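Here the structure is laid out as structure tokens; the discussion comes afterwards.
The values are calculated or read from the model by the stated rules, or taken from the named source; none is laboratory data. For clarity, every value in this text was computed on a predicted model and none was experimentally measured. Note that each Cβ is placed from the backbone with ideal geometry, even for glycine, and that neighbours are counted across all protein chains shown. Protein only, heavy atoms only, side chains kept; ligands, DNA and RNA dropped before computing areas. Shrake-Rupley method; radii C 1.70, N 1.55, O 1.52, S 1.80 Å.
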Amino acid sequence: MTVSLILTKKGRVVATAAPDVTLQEAAKTLAEKRIGALVITHSDGAIAGILSERDVVRAVASKGAAALNDPASGHMTQKVVTTSEDKTIISVLEEMSARRFRHMPVTSGGRLIGILSIGDIVNHRLQEMEAEQAALKDYIAG
Ligand code: AMP
């Protein structure tokens, strides 16, 4: 099972923002879209970083509410780990667990083509398990 399977189901739209959006604006977008991270991109679409809700919390914890006026570029993670759609879902999950983050942008030829959250992977696995269980029940029932 590869990353492309989840992208096909969930879609390939990625929430992005420019490096100069403020943390306040970023937090509003995260809340409105009910997501946990924004990929920060330059105007040419190249990935500049990733800003997760955890980065916003850390910024406010260390600088107080004034941090909300800072640009995302000052608090995002610049070195973004990405994956490609031919990678197995389990290998992506292993990498996310090992590195302790919950978002993995998917790229192709350097372009952003999707994003997986740990929630997407857990949902996918639950659906898989339900399908396996139903198949097993059918088999036993003859
Ligand atoms: P998260 O668990 O995704 O909320 O992120 C925890 C921390 O890891 C934050 O500082 C994020 O900026 C960072 N982070 C999240 N996803 C990635 C990624 N794919 N590559 C590098 N850093 C990441």
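Quick notes on this one:
- Counted residues, segment 61-74 - those being open to solvent by less than 40 Å² (accessible area, probe 1.4 Å) and not aliphatic (A, V, I, L, M): 2
- Within segment 80-99, if we keep just the residues that are of a type in the set (S, T, N, Q) and not in a loop (DSSP other than H, G, I, E, B), the residue that is most open to solvent (accessible area, probe 1.4 Å) turns out to be SER97.
- Unique match (being under 17 Å from the mean Cα position of the chain (by Cα) and more than 22 Å from LYS33 (Cβ to Cβ)) among GLY110, GLY142: GLY110
- The listed residues are ARG111, ARG102, ARG58, and the only one of them that is under 20 Å from LEU30 (Cα atoms) and surrounded by fewer than 15 Cβ atoms within 10 Å (Cβ to Cβ) turns out to be ARG58.
For every residue, the table says whether it meets (1) touching a residue at least 12 places away in the same chain (Cβ under 8 Å); (2) within 9 Å of the ligand (Cβ to nearest atom); (3) closer than 23 Å to ASP20 by Cα.
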| position | (1), (2), (3) |
| --- | --- |
| MET76 | yes, yes, yes |
| THR82 | yes, yes, yes |
| LYS87 | yes, no, no |
| ILE90 | yes, no, no |
| LEU93 | yes, no, no |
| MET96 | yes, yes, no |
| MET104 | yes, yes, yes |
| GLY110 | yes, no, yes |
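- Checking ILE121, ILE115 one by one, the residue that is within 16 Å of THR2 (Cα to Cα), among the hydrophobic types (A, V, I, L, M, F, W, C), within 15 Å of the ligand (Cβ to nearest atom) and in contact with a His (Cβ under 9 Å, 6 or more places away or on another chain) is ILE115 and no other.
- Entry remark, segment 19-50: residues being open to solvent by 40 Å² or more (accessible area, probe 1.4 Å) and either aliphatic (A, V, I, L, M) or within 16 Å of ASP120 (Cβ to Cβ) (or both) number 5 in total.
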